[in-house]
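One structure below.
The values are calculated or read from the model by the stated rules, or taken from the named source; none is laboratory data. In this text the structure is predicted, and so the values were computed from the model without any measurement. Counting neighbours? That spans all protein chains shown, and the Cβs are built from the backbone with ideal geometry, glycine included.
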Amino acid sequence: MSAALLQGIMIIFQPSMIAIIALGVIGGMIIGSLPGLTATMGVALLVPLTFGMNPVSGLVMLLGIYCGAIYGGSVSAILIRTPGTPAAAATVIEGYMLAKKGLAGKALGMSTIASFCGGMVSALALTFISPQLAKVALSFGPPEYFALALFGLSIISSISGDNVIKGLIAGFFGLLLATIGLDPITGYPRFTFDSTNLLSGISFIPVLIGLFAVSEALTTTENIAGQKDIDFDVAGALPTWSEIKGCLKTIIKGSFLGTFIGIIPGAGADIAAFVSYGEWKRSSKDAAQAGTGVLSGVAAPESANNGVTGGALVPLLTLGVPGDAVAAVLLGALMLQGLRPGPMLFKDNAEVVFALFVGLMVANVFMLIFGLFGIRFFARVITVPKQILTPIIFILCIVGSYAINNNMFDVVVMMIFGIIGYIMQKFKFPISPIVLALILGPMAEGELRRSLVISQGSYSIFFSRPICLLFFALTIISIAGSYMSQRKKAKQMQTENSTL
Amino acid sequence: MKKGNYVISLILVIIAAVFFFLANDFPANIIENVPGPNFFPQVIAIGIIILVVIMVYENYHSTDNTPVLDFGSPELHRSIRTLIVTIAYSTLLNIIGFLIMTPVCLFCLMMIMDKSKKTKKMAAAIITTLIIYVSFEVVLSVPLPQMIQL
């Protein structure tokens with residue numbers, strides 16, 4: 001491990017690599033600051049930019065964008081009461097009140113420091129936990145991988161929002177789409193309609209760009225009329241050392257909480273931020289003043305949402321199961337670079353994996369530097385009119401999809417999925433389940449049938465292995481948990497409605 | 001929402017049924033007792049139909065009658081116009097080339113969103129085109145569509 005880590009450090013600490021990470025962080029901060037551009041959309045939109053790069057350069061750039069975007073969301077949350085990304089929704093509560101008091105500088109400074117700490121803790125956790133988990137995963141055979149894929153698919157129920165049935169339908173639709181292309185066992189072409197473009201299945205990146213970027217841009221287009229010029233003021237100084245010391249406990253707690261939540265597949269940065277804010281309200285002595293603009297109330301969600309960045313990469317890199325939507329996009333980027341996430345990645349490409357870990361840490365350092373010294377400049381991007389920004393997004397979607405294979409077919413796929421995503425949003429179908437199913441569907445099918453070939457058709461192979469049983473148990477817990485939480489929510493709403 | 005959900009349900013059932021019946025023609029697996037290429041698509045298609053039935057049942061008892069798509073609204077028209085321009089751009093990109101098509105398309109899209117400040121928008125369209133061109137073609141060596149040579 002130490003040799004690979006050293007190699008990773010040597011790969012990253014080259015001027016070109018450092019510049020690429022810095023560029024990624026700046027890009028991410030700009031994307032995150034702009035309300036309506038999520039981290040997922042930003043990473044999906046900029047994946048095509050990494051085609052011409054070597055795998056490490058491309059991937060660290062995307063990691064930089066990821067970190068920067070999650071942090072950048074807090075800028076507009078604090079300054080204009082509009083979270084740049086869903087992950088910054090909890091930051092609005094205390095952050096905007098601080099800005100109203102003329103303490104925007106302190107709020108932004110605290111958000112930067114907390115985000116840096118969260119990001120660093122999660123990057124360190126990733127560096128030390130992943131190799132151990134990958135070692136365990138090396139012993140997995142087809143039955144274990146099938147059980148893992150099933151567990152991964154069960155997450156659909158927890159990322160489905162308010163309507164689990166619609167989430168499951170989206171997931172099953174994704175699974176159906178995943179069967180297009182050559183059969184993983186016999187090589188028989190399925191649903192290809194004699195098109196060579198469909199032999200290798202539906203291209204993943206155009207689907208992502210369509211679902212996350214085009215659909216979002218179409219929704220923005222609809223609501224674009226009458227948007228006024230944005231006015232804000234980054235007033236006040238940065239937080240003092242004593243103020244930082246006062247928030248240290250909250251930051252550390254939030255960082256670990258975010259990292260832990262990030263590792264759990266299905267729970268993203270938005271959930272981590274709200275859980276951490278809730279925990280701060282429960283345990284902090286400042287909680288009595290919650291909602292009036294408390295500095296530690298900014299530190300809690302910001303440390304947690306950036307804590308997710310490294311945590312979400314743990315299941316992605318070690319098991320090939322994306323923890324959230326951004327991780328799913330990163331998985332697509334890894335595969336595009338010819339790298340297959342999973343335990344073998346640690347064996348065959350250890351130097352690449354460790355370079356990514358080091359790259360993530362460097363990205364966090366840049367985030368701290370740019371955040372503390374350049375926030376007044378980055379905050380200006382909030383004023384870019386959407387009437388100019390949205391058309392640029394459309395063009396980037398088309399050019400990016402085309403650039404994957406220099407093929408217009410990918411552009412057609414992207415446009416179709418853009419329209420599908422737009423309609424899904426209208427009818428309140430969650431989008432992420434489709435992506436998860438597209439990734440895990442082929443894995444589930446292939447490993448199920450491979451296992452049955454080994455056992456000559458006997459399903460007992462799945463029930464005689466302890467790891468399989470563990471994953472099956474986790475699957476049941478995951479589905480039951482989300483079903484129960486939805487019931488609880490529905491009951492709560494019923495009670496609220498009856499009291500009104 | 002209620003009506004829309006029924007339409008979506010019908011579309012989903014048709015898609016699932018098409019996949020199910022097409023999968024009937026797939027060959028069986030050579031190894032006995034091991035599912036063939038048709039197994040997974042057919043199981044998923046049945047799963048979709050079951051879930052759609054549950055959704056229809058829930059929808060029947062729902063009181064949400066707000067229309068999702070108002071075909072007369074200027075907002076939706078704006079989205080459709082945007083979509084038409086984007087599709088036209090995608091179609092013509094390989095024929096006319098990136099450098100000519102992109103500023104034109106960008107300007108059209110910007111005008112659809114807001115008709116004021118034409119000069120500023122024209123400048124933004126040209127500058128953006130050049131930035132994308134330099135980023136992809138020059139810096140990253142990713143080829144962009146060129147004009148067809150007659």
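Where residues in the stretch A:458-485 are assigned to a helix (DSSP H, G or I) and among the aromatic types (Phe, Trp, Tyr), which of them is nearest to residue A:143 (Cα to Cα)? Of everything passing the filter in the stretch A:458-485, A:462 is nearest to residue A:143 (Cα to Cα).
Is it the case, given these coordinates, that residue B:65 is at pLDDT below 90, over 30 Å from residue B:19 (Cα atoms) and within 10 Å of chain A (Cβ to nearest Cβ)? Taking the combined requirement at face value, the residue does not satisfy it. Restricting attention to the stretch A:280-292, does a residue exist that is closer than 22 Å to residue A:371 by Cα, touching a helix residue (DSSP H, G or I) at 6+ places or on another chain (Cβ under 7 Å) and of a type in the set (D, E, K, R)? No, the conditions are met nowhere in the stretch A:280-292. Looking only at residues of the stretch A:177-219 that are surrounded by fewer than 21 Cβ atoms within 10 Å (Cβ to Cβ) and polar (S, T, N, Q), we find that the one that is nearest to the other protein chains (Cβ to nearest Cβ) is A:186. Within 13 Å of chain B (Cβ to nearest Cβ) and at pLDDT 85 or above: is that true of residue A:168 in this structure? Taking the combined requirement at face value, the residue satisfies it.
The sole residue among A:30, A:9 that is farther than 22 Å from residue A:351 by Cβ, surrounded by fewer than 24 Cβ atoms within 10 Å (Cβ to Cβ) and among the hydrophobic types (A, V, I, L, M, F, W, C) is A:30.
Working only within the stretch A:366-394, note down all residues that are assigned to a helix (DSSP H, G or I) and either in contact with a His (Cβ under 9 Å, 6 or more places away or on another chain) or surrounded by fewer than 18 Cβ atoms within 10 Å (Cβ to Cβ) (or both). Selection gives A:369, A:372, A:373, A:374, A:376, A:377, A:380, A:383. Scanning for something at positive phi, more than 8 Å from chain A (Cβ to nearest Cβ), touching a residue at least 12 places away in the same chain (Cβ under 8 Å) and not in a helix (DSSP H, G or I), does the stretch B:85-105 turn up at least one residue? The answer is yes; a qualifying residue exists. Considering only the stretch B:57-71, state which residues are under 25 Å from the mean Cα position of the chain (by Cα) and without any contact (Cβ under 8 Å) to a residue 60 or more places away in the chain. Result: B:70, B:71.
To keep it simple, each residue is scored yes or no on (1) under 26 Å from residue A:454 (Cα atoms); (2) out of contact with any Leu (no Cβ under 6 Å at 6 or more places or on another chain); (3) not assigned by TED's automatic domain parsing to the domain that holds residue B:115.
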position: B:25; (1), (2), (3): yes, yes, yes
position: B:29; (1), (2), (3): yes, yes, yes
position: B:39; (1), (2), (3): yes, yes, yes
position: B:52; (1), (2), (3): no, no, yes
position: B:78; (1), (2), (3): no, yes, no
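The single condition from (1) modelled with pLDDT of 90 or more; (2) at the interface with chain A (Cβ under 8 Å from one of its Cβ atoms); (3) under 20 Å from residue A:188 (Cβ atoms) that residue B:27 fails is (1). Being over 30 Å from residue A:217 (Cα atoms), within 11 Å of chain B (Cβ to nearest Cβ) and assigned to a helix (DSSP H, G or I), is that true of even one residue in the stretch A:413-436? No, the stretch A:413-436 contains no residue that is over 30 Å from residue A:217 (Cα atoms), within 11 Å of chain B (Cβ to nearest Cβ) and assigned to a helix (DSSP H, G or I). Anything in the stretch B:12-39 that is aromatic (Phe, Trp, Tyr), free of Cβ contacts under 8 Å to residues at least 24 places away in the same chain and in a helix (DSSP H, G or I)? List them, or say none. Correct list: B:21, B:39. Restricting to the stretch A:451-500, name every residue that is hydroxyl-bearing (Ser, Thr, Tyr) and in contact with a Leu (Cβ under 7 Å, 6 or more places away or on another chain). Once the filter is applied, which keeps residues that are hydroxyl-bearing (Ser, Thr, Tyr) and in contact with a Leu (Cβ under 7 Å, 6 or more places away or on another chain), the stretch A:451-500 yields only A:475.
Rundown of residues vs (1) surrounded by 16 or more Cβ atoms within 10 Å (Cβ to Cβ); (2) out of contact with any Leu (no Cβ under 6 Å at 6 or more places or on another chain); (3) within 9 Å of another protein chain (Cβ to nearest Cβ); (4) β-branched (Val, Ile, Thr), yes/no style:
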position: B:8; (1), (2), (3), (4): yes, yes, yes, yes
position: B:11; (1), (2), (3), (4): no, yes, no, yes
position: B:17; (1), (2), (3), (4): no, yes, no, no
position: B:59; (1), (2), (3), (4): yes, yes, no, no
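Of the helices (runs of 4 or more DSSP H) entirely within the stretch A:262-360, those holding at least 2 residues that are hydroxyl-bearing (Ser, Thr, Tyr) occupy A:269-283, A:295-311.
So if I check each of A:77, A:88, A:69, A:44, which one is buried (at least 23 other Cβ atoms within 10 Å of the Cβ), free of Cβ contacts under 8 Å to residues at least 60 places away in the same chain, under 17 Å from the mean Cα position of the chain (by Cα) and within 24 Å of residue A:387 (Cα to Cα)? Residue meeting the stated conditions: A:69. The set of residues from the stretch B:40-56 being surrounded by fewer than 19 Cβ atoms within 10 Å (Cβ to Cβ) and either more than 7 Å from chain A (Cβ to nearest Cβ) or in contact (Cβ under 8 Å) with a residue 12 or more places away in the chain (or both) comprises B:43, B:46, B:49, B:50, B:53, B:56.
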